[in-house]
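Reading through the structure tokens given below for one structure.
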Amino acid sequence: MGQGRSGQSSSAEANVSAMLPILPIAVLEEVFANVPAQELVCVCRLVCREWKELVDSSSLWKDRCRREGYEPRNASNPPRNWRQFYFLCKKRRNLLKNPRAEEQFKDWEIVENGGDRWQIEDMSEQHLLPDETVQKYFVTSYHLCLKSQLIDLAKEGYSPKFMDEIQPDIVVTDWYSPRRDCGCVYNVCVELLNQKRKVIQKFSPEPVYFEQWNDMQWQQMRHVFGGYGPGVRFIRFTHGGKDTKFWVGWYGIRVTNSSVEIVLEESNF
């Protein structure tokens, strides 16, 4: 009976192929370039053997990346899988919500709220980030202030199977700055967690201290998680700090424009 079903399947595929117009590969590639990527994989790929081979080809996805501006950073080190590279580029975004204080403290869990508590201030024209679209920042007070966000990777579209088999790089960044007239300290901790929210891998560098009368420059923290093994289901991002003079008000570290992104190979971006 198994042979019968196989024969019927082959016959059906042959019938479908016979009904399809015979197009040169170059023309078919041009047609596919205008079909939504998800439909290529979920619909076109299933039509016949020829279409499957074309949808599975590296050249089609490499060309699609080129057309949509998804180019590897290092041309001498191209992606091993152009289709994965395309979909990750398409999906790539900041998984942290409200990273620029545009919605007050929405989506953040306040872990520590010392001194006069967390506050939000406007960016000054004399103290802008390289990205001048960032207009606000979070600022700490004279006792420890920490806030945190938990990212559920499955809810963000990164399945357990994908995270375990591909283990894409996880790129974490944060911007922080002191006030010129007050010393302060910056703290950050990023944890990769399993289904039970136990730590698989952690990035927790030594606190960064600033002396009073500093140059008040924005600095970027950047870390890449790679080769962390299977089991990662959540990412917990925590940052903050305080001032070191114990002055009433908001003279502590300032943070904004934090990000957590999933990429196929960080070196390709």
Inter-site label distance for R67 and I25 at 7 Å from Cα along Cβ, in nm
1.7
Spatially proximal lysines relative to K62 (Cα-Cα < 29 Å; intrachain offsets below 8 disregarded)
K52, K90, K91, K155, K161
Placing +1 on the Cβ of each Lys and Arg and -1 on the Cβ of each Asp and Glu in the chain, which of F225, I200, L129 has its Cα farthest towards the positive end of the resulting dipole?
I200
State to the nearest 20 debye the size of the charge dipole of the range 109-268 about its Cα centre, where the only charges are +1 on K and R beta carbons and -1 on D and E beta carbons.
660
Give, as a single signed number, the net charge of other residues whose beta carbon lies under 14 Å from the beta carbon of K136, with Lys and Arg counted +1 and Asp and Glu -1.
-4
Starting from the Cα of D181, move 7 Å in the Cα-to-Cβ direction to define the label point; list residues of the range 198-238 whose amide nitrogen is under 16 Å from there.
212-216
Beyond 21 Å, what share of the Cα-Cα pairs of the range 60-182 is found? Please give it as a whole percent.
57
Mind running the shape call on the range 52-108? Use the C-alpha gyration tensor, a ≥ b ≥ c as the square roots of the eigenvalues: rounded below 1.5 for a/c, prolate if a/b tops b/c, oblate otherwise.
prolate
Setting aside same-chain residues fewer than 8 positions from K202, which aspartates and glutamates have a Cα under 12 Å from its Cα?
E191
How much mean residue ellipticity at 222 nm does the chain get from its helices, if each DSSP H run of length 4 or more adds -39500 (n - 2.57) and you divide by all residues, to the nearest 500 deg cm²/dmol?
-7000 deg cm²/dmol
What is the gain in length, in nm to one decimal, between V248 and E206 on full extension, counting 0.36 nm per residue of separation less the C-alpha to C-alpha distance?
12.6 nm
Under the Karplus relation 6.51 cos²θ - 1.76 cosθ + 1.60, θ = phi - 60°, what is the ordered set of whole-Hz ³J(HN,Hα) values for the range 101-111, x standing for Gly and Pro?
6, 6, 10, 6, 10, 3, 6, 9, 9, 7, 8
log10 I(q)/I(0) for the range 124-269, Debye formula on C-alpha points only (no solvent), q = 0.11, 0.13, 0.14 Å⁻¹, two decimals, reads -0.47, -0.63, -0.71
Report the paramagnetic label zone for D164: residues of the range 192-214 whose backbone N is under 12 Å from a point 7 Å from Cα along the Cα-to-Cβ axis.
195
Any idea what angle helix 2-19 forms with the longest principal axis of the chain, computed on alpha-carbon atoms, 0 to 90 degrees, nearest 10?
90
What angle do you read, to the nearest 10 degrees and between 0 and 90, between the alpha-carbon axis of helix 82-91 and the longest principal axis of the chain?
50
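Between beta-carbons, use under 11 Å as the cut-off and find the net charge around L150, counting Lys and Arg +1, Asp and Glu -1.
+1
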Can you compute the charge dipole magnitude of the chain about its Cα centre, using +1 on each Lys and Arg Cβ and -1 on each Asp and Glu Cβ, nothing else charged? Give it in debye, rounded to the nearest 20.
760
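Only the coordinates and a few stated rules stand behind these numbers; no lab work does. Just so we're clear, the structure is a prediction, and the values are computed from it rather than from any experiment. Note that each Cβ is placed from the backbone with ideal geometry, even for glycine, and that neighbours are counted across all protein chains shown.
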